[in-house]
1. Consider residue 184 carefully, then state whether it is outside the structural domain of residue 356 (by TED's automatic domain parsing), buried (at least 21 other Cβ atoms within 10 Å of the Cβ) and under 23 Å from residue 323 (Cβ atoms).
2. Out of 330, 325, report the one residue that is closer than 29 Å to residue 410 by Cβ and part of a helix (DSSP H, G or I).
3. With respect to residue 287, determine if the residue is in the same structural domain as residue 391 (by TED's automatic domain parsing), surrounded by 13 or more Cβ atoms within 10 Å (Cβ to Cβ), at pLDDT 95 or above and part of a loop (DSSP other than H, G, I, E, B).
4. Under the condition of being free of Cβ contacts under 8 Å to residues at least 40 places away in the same chain and assigned to a loop (DSSP other than H, G, I, E, B), which residue from region 361-379 is farthest from residue 132 (Cα to Cα)?
5. Could you say which residue among 98, 84, 156 is more than 26 Å from residue 386 (Cβ to Cβ), out of contact with any Lys or Arg (no Cβ under 8 Å at 6 or more places or on another chain) and of a type in the set (S, T, N, Q)?
6. Would you confirm whether any residue within region 340-353 is within 25 Å of the chain's Cα centre (by Cα), surrounded by 20 or more Cβ atoms within 10 Å (Cβ to Cβ) and in a loop (DSSP other than H, G, I, E, B)?
7. Failed condition for residue 394, given (1) assigned to a helix (DSSP H, G or I); (2) among the small types (Gly, Ala, Ser); (3) in contact (Cβ under 8 Å) with a residue 60 or more places away in the chain, with all others met?
8. Please go through (1) aliphatic (A, V, I, L, M); (2) within 16 Å of residue 53 (Cα to Cα); (3) modelled with pLDDT of 90 or more for residue 153 and return the number of the only condition it doesn't satisfy.
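The values are calculated or read from the model by the stated rules, or taken from the named source; none is laboratory data. Computed from a predicted structure; not experimentally measured. Here the Cβ positions follow ideal geometry from the backbone for every residue, glycine too, while neighbour counts run over all protein chains shown.
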Amino acid sequence: MQTNKPFVSIILPTVLAIVICLGLVLNFEKTANSTSKATEKPNKTTLISEHLSPYITSDNDINLSKALLSPDFITLFGSSELSTKSEYNSHRFIPKFTNKELVAYGSGGFQSLNILLALKANNEFLKNSNIVILLSPGWFVGSGADGLDPDYLIKTNTESSLNRLLQLAKQDKESTYYVAKRFYEMASSNKIKPSITMEQIINCSNKSNLEMIKGFPNSLTLSAKQKLKSFFRNSFSENSLEFTSHKEAVNAMQNLPTKKVDSFNYQSAKAKSKELLDSSCSTNNWGILDNYYLKYINGKHSTIDKGSIENNVEFEDYKQLLAFINRQNIPAVFVMQPLNPFYYKNLKELTPTLEAVKAEADKYNYPFLDMTVTDSTRYELGTLQDIMHLGDMGWMRINKFIIDQKKLELYGKY
C-alpha cells in the first residue's frame with residue numbers, strides 16, 4: 001500500500017514535535033512546582049510568634065483569635081513600644097529562649113478600650129488564653145486620659161470584629177453595656193460616624209431601645225433606625241454567617257512553628273546591650289538614642305500633665321477591662337512602663353494617678369510590674385531607648401517578669 005507522503009513528510013513530524021514540546025512543558029512544570037515547594041512561605045495554618053498590627057487584616061484578625069485560643073501562646077497587648085527593633089522585644093525573645101510562643105498585638109494609640117473590644121470580640125476563644133498587658137503612664141494623664149482616640153477606634157475595629165462583638169453581646173452584658181455607652185458618647189458628640197454594626201451595638205446601651213434611637217444624633221437616617229429595630233427583631237441573625245466563617249477559620253487545623261531555641265545568658269546580654277548603648281547614645285547621658293536626641297531633645301526638658309482619676313475616661317475604660325478579664329477568669333499580668341526621668345521633670349506628680357492604676361489591678365490580685373521611676377539617679381540606662389519607648393534592658397526585665405509569672409521554661413539563665 002502506498003504511504004501517504006504528506007502525512008509522513010509533514011503531519012507526522014509536526015505531531016512528534018508537539019508531543020516532545022508537551023513533555024518538556026510538563027517536566028518544566030513538575031520541576032517548577034518542586035522548586036516552589038522548597039521555597040514557599042510557611043503554610044497559613046502555621047501560627048508564628050510575631051507583632052500583629054491592629055490595623056486589622058483578615059489574617060491578623062484570625063491569628064489574634066488563634067493565639068488567644070492556643071495554650072501554647074501568650075498574647076501580649078500594648079501600644080507603640082511593640083514596634084521597637086530590640087532583639088529582646090518579647091515577641092522575639094519568648095519564642096527564642098522559652099518553651100512558649102508569643103503574639104504581640106497593638107500599635108501607637110492602642111489603649112484600654114481597644115483591648116477590651118479585642119477580648120470581647122474573641123469571647124469564644126478565651127478559654128485557654130494567657131495574656132500580658134503593657135500599660136503606659138501616658139494613657140492615664142494628659143490627653144491620654146480622654147480615652148481611646150475616636151479616629152483610632154474606627155481604624156482598628158473592622159466590621160468583622162464588631163460583628164463578632166455583636167454576636168456575643170449577650171455574653172457578659174455588663175461590658176457590652178459599657179462599650180455601647182462609650183460608642184454612643186463618641187457618636188452623639190460627632191467624634192465618630194458609626195457604621196450600622198456600631199449603631200446596633202449602641203442600642204445595647206439602654207434597655208429601652210426606642211428611647212436610645214430617639215436620642216441619637218440627627219445624622220442617623222430613618223432607614224438606619226428601621227434597620228436597628230429590625231435587628232432586634234431578628235435576634236442577632238443578620239451577621240451570623242460571617243461570625244461562623246471566622247470561627248471555622250480559627251478552629252481550622254493549626255501547626256506550631258518548629259522550635260529553634262537558643263540559650264540565654266543575662267550577664268552577657270546585659271554587657272552586649274551596654275556596649276551598644278554606649279556607642280549609640282554618645283551625644284547624651286540620658287540613655288536616649290543619638291538620632292532621637294538630636295532631632296527632638298537637644299538638652300531640653302519637659303513636664304507632663306499630672307492628671308487625676310477624677311473624670312478620667314481612660315481610667316474608667318481600664319477598670320472595665322479589669323472587670324471583664326476577671327469575669328472571664330483569664331490569667332493576666334500587667335506591666336506599667338516608665339517615662340524617662342531625665343527628660344520629664346515632674347514625674348512625682350503622676351504618682352497618685354499611677355498608684356490608683358496599680359491599686360485597681362491589686363483588687364483582683366493580678367501580678368503587676370511597676371517600672372516607673374521618678375528619680376533619675378535610680379533610673380537604669382537602657383530601660384528606654386528614648387523618652388518613653390522600651391530599650392533592651394526594659395524588655396529584658398519584662399521578659400523575666402513574664403517567665404516568672406507564667407512559669408515558662410527558660411533555656412539559659414537570668
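1. Values: outside the structural domain of residue 356 (by TED's automatic domain parsing): yes; buried (at least 21 other Cβ atoms within 10 Å of the Cβ): yes; under 23 Å from residue 323 (Cβ atoms): yes.
Taking the combined requirement at face value, the residue satisfies it.
2. Details: 330 fails: part of a helix (DSSP H, G or I).
The match here is 325.
3. Working: in the same structural domain as residue 391 (by TED's automatic domain parsing): yes; surrounded by 13 or more Cβ atoms within 10 Å (Cβ to Cβ): yes; at pLDDT 95 or above: yes; part of a loop (DSSP other than H, G, I, E, B): yes.
Taking the combined requirement at face value, the residue satisfies it.
4. 375
5. Working: 84 fails: more than 26 Å from residue 386 (Cβ to Cβ); 156 fails: more than 26 Å from residue 386 (Cβ to Cβ).
Residue meeting the stated conditions: 98.
6. Yes.
7. (3)
8. (3)
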